[in-house]
Amino acid sequence: MKGFLIHADKCVGCHACQIGCKDEHCGNCWMPYAQEQPESGQFWMKVDQKERGQRPQVKVSYIPTPCQHCENAPCIAAAKDDAVYRRDDGLVIIDPVKAKGQRQLVDACPYGKIFWNEELELPQKCTGCAHLLDDEDSPIRVPRCVDNCPVHVIEFGELDELDLEGAEVLHPEYGTKPHVYYKGLPKKFIAGTVFTPADEEIVEGAQVVVTNGEQTYTDTTNSWGDFWVDDLPDGDWTVTITGAGKEKVLNVSTVDEDRGLGDIPLE
Ligand code: SF4
Ligand code: SF4
């Protein structure tokens, strides 16, 4: 079984995978796997970009997302006349002939990775570049998005040959068993700048302890008074900041978002 392993923490957001997919499939008809991808409105590969935190403590994360080539694919279940099928290598393919008019497939994908081609009346999505994998004469024998990434963020191959230790899938709660795995998916952070209001000086070397009673993370403010506690799971935390002979305790939640706490007076 083949699949993808995407190292999200190495992605620099250049969109070369997304552009490569467009270049491979726009203006090119790769039957029997796919009709042409329209130039606009469809992104079979999409780099999902997310701004995290609040100014001035902000990070941007990038997550390349193709069709997840699910083992329990809802699109296969929703298709009539076997219009969506899984190949022996695990790739999930929409048959461009049988799927004509089957608009329900767009809504069947919980990842939003099936697009409707109004002109052709056809649902379309990532093919895993099956046309490249199957063509022994092709100079490229991997998906085009894999080949196009200049920093080798995306791996493709036999799942039992990829290093999947510690890898995650997107939305495991969907129960779809994706064949697209990720490493380095962003967790939450808590960050801030510590200062003493009496003299309006930042506090260097303050100890920051973030705990939920079971897990504890620590950091020390740097020469700008900044601390960043990264890789936090979602949850409710007690943040204790100790420095300049003072202590401050804050209750901070990372359930919904990363937390840039801004300037924190230590008094
Ligand atoms: Fe089907 Fe969507 Fe899963 Fe791809 S991600 S196999 S389109 S359900
Ligand atoms: Fe696009 Fe091919 Fe990558 Fe799928 S495998 S996202 S079709 S370039």
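Hey, among GLN57, GLN104, GLN68, which residue is of a type in the set (S, T, N, Q), within 15 Å of ligand 1 (Cβ to nearest atom) and open to solvent by less than 50 Å² (accessible area, probe 1.4 Å)?
GLN68
Is it the case, given these coordinates, that TYR85 is in a strand (DSSP E or B) and either over 28 Å from HIS15 (Cβ atoms) or outside the structural domain of CYS11 (by TED's automatic domain parsing) (or both)?
Yes; evaluated as a whole, the condition is true for this residue.
With in a loop (DSSP other than H, G, I, E, B), away from ligand 1 (no atom under 16 Å from the Cβ) and touching a strand residue (DSSP E or B) at 6+ places or on another chain (Cβ under 8 Å) as the only criterion, which of VAL97, VAL12 stands out?
Among VAL97, VAL12, only VAL12 is in a loop (DSSP other than H, G, I, E, B), away from ligand 1 (no atom under 16 Å from the Cβ) and touching a strand residue (DSSP E or B) at 6+ places or on another chain (Cβ under 8 Å).
How do the pairs read when you match residues in the range 145-159 that are over 11 Å from ALA16 (Cα atoms) with residues anywhere that are within 16 Å of ligand 1 (Cβ to nearest atom) and open to solvent by 60 Å² or more (accessible area, probe 1.4 Å), using Cβ under 8 Å and keeping only pairs 6 or more apart or on different chains?
GLU158/MET1; LEU159/MET1
What tally of residues in the range 173-193 results from selecting those that are open to solvent by less than 20 Å² (accessible area, probe 1.4 Å), within 16 Å of ligand 2 (Cβ to nearest atom) and of a type in the set (Ser, Thr, Tyr)?
Of the residues in that region, 1 qualify.
Can you pull out the residues in the range 210-265 that are among the aliphatic types (A, V, I, L, M), modelled with pLDDT of 95 or more and either assigned to a strand (DSSP E or B) or more than 16 Å from ARG52 (Cβ to Cβ) (or both)?
Listed by number, the residues that qualify are VAL210, VAL229, LEU232, VAL239, ILE241, VAL249, LEU250, VAL252, LEU261, ILE264.
Do you know which residues across the range 125-172 are assigned to a helix (DSSP H, G or I) and open to solvent by less than 30 Å² (accessible area, probe 1.4 Å)?
ALA130, HIS131, LEU132, LEU133, CYS145, VAL146, listed by residue number.
The values are calculated or read from the model by the stated rules, or taken from the named source; none is laboratory data. What you are looking at is a predicted structure, and each value in this text was computed from that prediction instead of being measured. All Cβ positions, glycine included, derive from the backbone under ideal geometry; neighbour counts span all protein chains shown. With ligands, DNA and RNA removed, areas are computed over all heavy atoms of the protein, side chains included. Shrake-Rupley method; radii C 1.70, N 1.55, O 1.52, S 1.80 Å.
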